[in-house]
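The values are calculated or read from the model by the stated rules, or taken from the named source; none is laboratory data. Being a predicted model, the structure only gives us computed values, none of them experimental. Methodologically, a virtual Cβ is constructed for each residue, glycine included, from the backbone with ideal geometry; neighbour enumeration extends over all protein chains shown. Remember, those area values only see protein heavy atoms, side chains included, never the ligands or the DNA or RNA. Shrake-Rupley method; radii C 1.70, N 1.55, O 1.52, S 1.80 Å.
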Amino acid sequence: MAVVAVVGRPNVGKSTLFNRLVDRREAIVDDRPGVTRDRLQGQCEWNGVRFTLVDTGGLDRDLPEGAQVVRQVEAALAQATLVLFVVDGRQGVTPEDAEVAGMLRRVRRPVMLVVNKVDRNEPGIEADFYALGFGEPWTVSALHGHGTGDLLDAIVARLPGGEPEPPPDEVRLAIVGRPNVGKSTLLNTLLGEDRMVVSDVPGTTRDAVDVAFAYRGRAFRLVDTAGLRRRARVDDPLERVMGARALRAVDAAQVVVLVVDATEGVTQEDQRIAGYTRRAGRAAIIAVNKWDLVDKDHTTAIEWERRLREQLHFIDYAGVVFISARTGLRTERILELAARAHANHRQRIPTPRLNQVVHEALLVTPPPADRGRRVKVFYVTQVATAPPTIVMFVNDPERMHASYLRHLERVLRRRFDFWGTPLRLVLRPRPRRLVRRGEGMAPPVPDTAQ
């Protein structure tokens, strides 16, 4: 698929144009320079032609992490089929624009010059920009949408091919955690390239950035997110937006990798993120990072995991792996575990087999009586996947003890491979057609499914 890169100096409206062209609010927009630092990808379709649009950070070496942003832009240009060079029509040509133009001439990619912030009643404002040497400028107002349709027509006309590629059957993996626990370093290590800007300063990552990736023939999409902090501690409106984007990344993921700092242990923020992951119904892996910095013996990992399981007991289904994103220690193991968790997250158990297992569990350990009346289970069936959701039809849902539901969940997890995924058990009143003279669950039906 063709790749179109959006480049320019800070604050010319690149992210606003990116959002307008992909028709979603994917990139964070703010008046402060340097908000976009990493490459942000989105899928764009126009007149039946699909292409990948890549937003990049503003080119200014004087800004914090400016040199790393330059490297990110260079990487985007290396993959680009076409470049949109965005400038500010209200400010005219600046020395920074001329510097960007020189960089683009060196990479030898087709370039379209886009003069942004131009309203319809301002003809001729683009005349000064011919001096940059990229031919006729295209005038747009990304904020109001003026001229963007014509711009898309011109982009599509310059792209080779134009047939859309079918999306792969990929595992969507969200990497989440508190600020500065090593999420971006982990993503870079998994990809084997400096895909994300890495800094010791918390809050360096601001967008949730999607990266397609293949591992041993399996397609993944890795999402690095902004660090999540408790909302009461967040005063910056921009950081609030970043946190909301990170939670949306969890909602859109299939598997969540919660990164925990081994040098600090599990914190309340880790617990909050884990709780959100459970409520969202996502499969989960816990990656204990910076393991190379921990003084350890042969019992350290066992004791660490025991405490971890106690503190994050509400995602006790999650896999745990001790890693060092900096050295690469066991980082590929995350992808292996994520593939297993993803398969279990989508698993569907045949109804006869499910009823057989529950029936056996009821015979061995019947539900406790409530005020002299025992709960009867008539029928069990799985109604959904991702996460697996099992409905149990009973005579009185309110009389079922939560402790007995947890017992049934443990039984199901022992008999079926639900490792890595949450399992939802839902109680429903008995359908009359399933009951005969008040009897409970019928003997198990032989499982004929292959």
> What do you reckon, is A78 in contact with a helix residue (DSSP H, G or I) (Cβ under 9 Å, 6 or more places away or on another chain), at pLDDT 75 or above, on the phi < 0 side of the Ramachandran plot and in a strand (DSSP E or B)?
Replying inline: no
>> Which condition from (1) out of contact with any strand residue (DSSP E or B) (no Cβ under 6 Å at 6 or more places or on another chain); (2) farther than 27 Å from T277 by Cα is the one that H401 breaks?
In response: (2)
>> open to solvent by 70 Å² or more (accessible area, probe 1.4 Å) and at pLDDT 90 or above: is that true of R371 in this structure?
In response: no
> Within the set of pairs 6+ apart or on separate chains, which have a first residue in region 319-341 that is part of a helix (DSSP H, G or I), a second that is of a type in the set (K, R), and C-beta atoms under 6 Å apart?
Replying inline: A339/R218
> Quick one: is L17 over 22 Å from the mean Cα position of the chain (by Cα), under 22 Å from V107 (Cβ atoms) and at pLDDT below 80?
Replying inline: no
> D224: buried (at least 19 other Cβ atoms within 10 Å of the Cβ), charged (D, E, K, R), in contact with a helix residue (DSSP H, G or I) (Cβ under 9 Å, 6 or more places away or on another chain) and modelled with pLDDT under 70, yes or no?
Replying inline: yes
> Which of the residues that make up region 105-136 are at pLDDT 90 or above and not in a loop (DSSP other than H, G, I, E, B)?
Replying inline: V111, M112, L113, V114, V115, N116
> Could you count how many residues in region 330-349 are buried (at least 16 other Cβ atoms within 10 Å of the Cβ), among the aliphatic types (A, V, I, L, M) and farther than 15 Å from L258 by Cα?
Replying inline: 2
> Exactly one of (1) modelled with pLDDT of 85 or more; (2) outside any helix (DSSP H, G or I); (3) surrounded by fewer than 19 Cβ atoms within 10 Å (Cβ to Cβ); (4) out of contact with any Pro (no Cβ under 9 Å at 6 or more places or on another chain) is unmet by A98. Its number?
Replying inline: (2)
> How many residues does region 268-318 contain that are of a type in the set (A, V, I, L, M, F, W, C) and either in a helix (DSSP H, G or I) or open to solvent by 70 Å² or more (accessible area, probe 1.4 Å) (or both)?
Replying inline: 10
> Going by the structure shown, is A386 within 30 Å of L222 (Cβ to Cβ) and either outside any helix (DSSP H, G or I) or open to solvent by 10 Å² or more (accessible area, probe 1.4 Å) (or both)?
Replying inline: yes
> Are any residues in region 389-428 in a helix (DSSP H, G or I), of a type in the set (D, E, K, R) and in contact (Cβ under 8 Å) with a residue 40 or more places away in the chain, and if so, which ones?
Replying inline: R413, R415
> Applying the selection to region 417-430, what residues are over 12 Å from P387 (Cβ atoms) and either aliphatic (A, V, I, L, M) or at pLDDT below 95 (or both)?
Replying inline: D417, L427, R428, P429, R430
>> When the residues of region 396-406 are narrowed to those that are open to solvent by 30 Å² or more (accessible area, probe 1.4 Å) and not aliphatic (A, V, I, L, M), which ends up nearest to D370 (Cα to Cα)?
In response: R399
